[in-house]
Amino acid sequence: MAAGKTSPEMKREFQTSSGDETIQAGRRLARLLTAPSLVVLTGDLGAGKTTLVKGIADGFQAAEEEDVTSPTFTLVHEYRGPTVNLFHIDLYRIDTERQLLTLGLDDLVDANNILLIEWGEKFERFRQERDVEITIRRLTESAREISVSFTGEP
Ligand code: ADP
Ligand code: MG
């Protein structure tokens with residue numbers, strides 16, 4: 001375990017039965033997130049990671065839910081809010097450290113920024129450095145279990 005990550009984990013669980021409910025969970029989650037923060041979103045394709053980010057962005061008044069789209073091809077989307085800036089990142093298509101470096105994510109780690117990284121767990125450094133881990137499990141076609149662990153220092 002990395003130094004500074006030894007505090008007891010705080011956990012939250014949400015169960016949702018529609019995309020709208022997951023967006024609502026994202027709005028509630030936004031109240032528990034503070035900048036700076038590195039959030040890794042884990043879950044299969046179609047689990048609801050991007051849907052959850054819609055709610056988080058809305059919760060921070062950084063973007064309307066319909067304006068939040070998957071950064072699968074653009075890799076990094078930026079949403080500026082009154083209190084924090086959100087960077088929504090998708091590493092699904094990133095396979096090597098070298099490709100990762102070209103994204104310049106280190107420059108985004110800043111006091112006012114929250115990084116929300118889909119597929120971040122693919123890289124050891126994000127498994128080490130994450131402050132919050134969100135895992136979305138698909139229970140049925142429309143039901144999801146969303147587990148949130150706060151692993152960083154308060
Ligand atoms: P990911 O980013 O994990 O690949 P998306 O958020 O892009 O997933 O897609 C999730 C899909 O599943 C959307 O089409 C959404 O409408 C649908 N869906 C159905 N039920 C839910 C739910 N409970 N939570 C989130 N998405 C849901
Ligand atoms: Mg996605």
Cβ pairs under 6 Å, 6+ apart or interchain, first in the stretch 64-93 and free of Cβ contacts under 8 Å to residues at least 12 places away in the same chain, second open to solvent by 90 Å² or more (accessible area, probe 1.4 Å) and within 14 Å of ligand 2 (Cβ to nearest atom), ordered by first then second residue, are none
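Name every residue in the stretch 53-66 that is touching a strand residue (DSSP E or B) at 6+ places or on another chain (Cβ under 8 Å) and outside any loop (DSSP other than H, G, I, E, B), in order of residue number. Write out each step before concluding.
Looking only at the stretch 53-66, we keep the residues that are touching a strand residue (DSSP E or B) at 6+ places or on another chain (Cβ under 8 Å), and these are 53, 56-57, 60, 62-63.
Answer for the stretch 53-66, where residues must be touching a strand residue (DSSP E or B) at 6+ places or on another chain (Cβ under 8 Å) and outside any loop (DSSP other than H, G, I, E, B): Val53, Ile56, Ala57.
Does the stretch 50-63 contain any residue that is free of Cβ contacts under 8 Å to residues at least 24 places away in the same chain and either within 27 Å of Gln128 (Cβ to Cβ) or within 13 Å of ligand 1 (Cβ to nearest atom) (or both)? Spell out the reasoning first.
First, pick out the residues of the stretch 50-63 that are free of Cβ contacts under 8 Å to residues at least 24 places away in the same chain: 61, 63.
Next cut, either within 27 Å of Gln128 (Cβ to Cβ) or within 13 Å of ligand 1 (Cβ to nearest atom) (or both) only: none.
Within the stretch 50-63 (the criterion being free of Cβ contacts under 8 Å to residues at least 24 places away in the same chain and either within 27 Å of Gln128 (Cβ to Cβ) or within 13 Å of ligand 1 (Cβ to nearest atom) (or both)), the answer is no, since none of the residues qualifies.
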Looking at the stretch 80-108, which of its residues are in contact with a Phe, Trp or Tyr (Cβ under 7 Å, 6 or more places away or on another chain), closer than 17 Å to Val68 by Cα and aliphatic (A, V, I, L, M)? Val84, Leu86, Leu91
Selection from the stretch 30-40 of residues away from ligand 1 (no atom under 13 Å from the Cβ), under 17 Å from Asn113 (Cβ atoms) and not small (Gly, Ala, Ser) yields Leu32, Leu33, Thr34, Pro36, Leu38, Val39
Selection over the stretch 66-96 where residues are modelled with pLDDT under 95 and within 12 Å of ligand 1 (Cβ to nearest atom) yields a count of 2
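If I go through the stretch 30-52 residue by residue, how many of them are within 18 Å of Leu139 (Cα to Cα) and assigned to a strand (DSSP E or B)? Break it down stepwise before answering.
Our first condition is that a residue be within 18 Å of Leu139 (Cα to Cα); within the stretch 30-52, this holds for 41-52.
From what is left, the residues that are assigned to a strand (DSSP E or B) are 41-42.
Looking only at that region, the number is 2.
Looking at Arg98, Arg12, Arg27, can you tell me which residue is in a helix (DSSP H, G or I), open to solvent by 30 Å² or more (accessible area, probe 1.4 Å), farther than 18 Å from Glu121 by Cα and away from ligand 2 (no atom under 13 Å from the Cβ)? Before you say what the answer is, go through the steps one by one.
On the way: Arg98 fails: farther than 18 Å from Glu121 by Cα; Arg12 fails: in a helix (DSSP H, G or I).
Answer to the check: Arg27.
Go through the stretch 73-91 and give me each residue that's assigned to a loop (DSSP other than H, G, I, E, B), on the phi < 0 side of the Ramachandran plot and more than 12 Å from the chain's Cα centre (by Cα).
At the first step, the residues of the stretch 73-91 found to be assigned to a loop (DSSP other than H, G, I, E, B) are 73-75, 81-84, 91.
Checking the rest, the ones that are also on the phi < 0 side of the Ramachandran plot come to 73-74, 81-84, 91.
Once the filter is applied, which keeps residues that are assigned to a loop (DSSP other than H, G, I, E, B), on the phi < 0 side of the Ramachandran plot and more than 12 Å from the chain's Cα centre (by Cα), the stretch 73-91 yields Phe73, Thr74, Gly81, Pro82, Thr83, Val84.
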In the stretch 118-134, anything assigned to a strand (DSSP E or B) and either more than 12 Å from ligand 1 (Cβ to nearest atom) or open to solvent by 40 Å² or more (accessible area, probe 1.4 Å) (or both) is listed as Val132, Glu133
Quick check, is Glu141 open to solvent by 20 Å² or more (accessible area, probe 1.4 Å) and either in a strand (DSSP E or B) or at pLDDT 95 or above (or both)? yes
Restricting attention to the stretch 41-78, and to residues there that are closer than 13 Å to Ile114 by Cα and within 15 Å of ligand 2 (Cβ to nearest atom), which single residue is surrounded by the most Cβ atoms within 10 Å (Cβ to Cβ)? Val53
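The values are calculated or read from the model by the stated rules, or taken from the named source; none is laboratory data. Because the structure is predicted, anything quoted here is derived from the model rather than measured. Cβ: placed from backbone, ideal geometry, glycine included. Neighbour counts: every protein chain shown. These area figures cover heavy atoms from the full protein model, side chains too; ligands, DNA and RNA do not enter into them. Shrake-Rupley method; radii C 1.70, N 1.55, O 1.52, S 1.80 Å.
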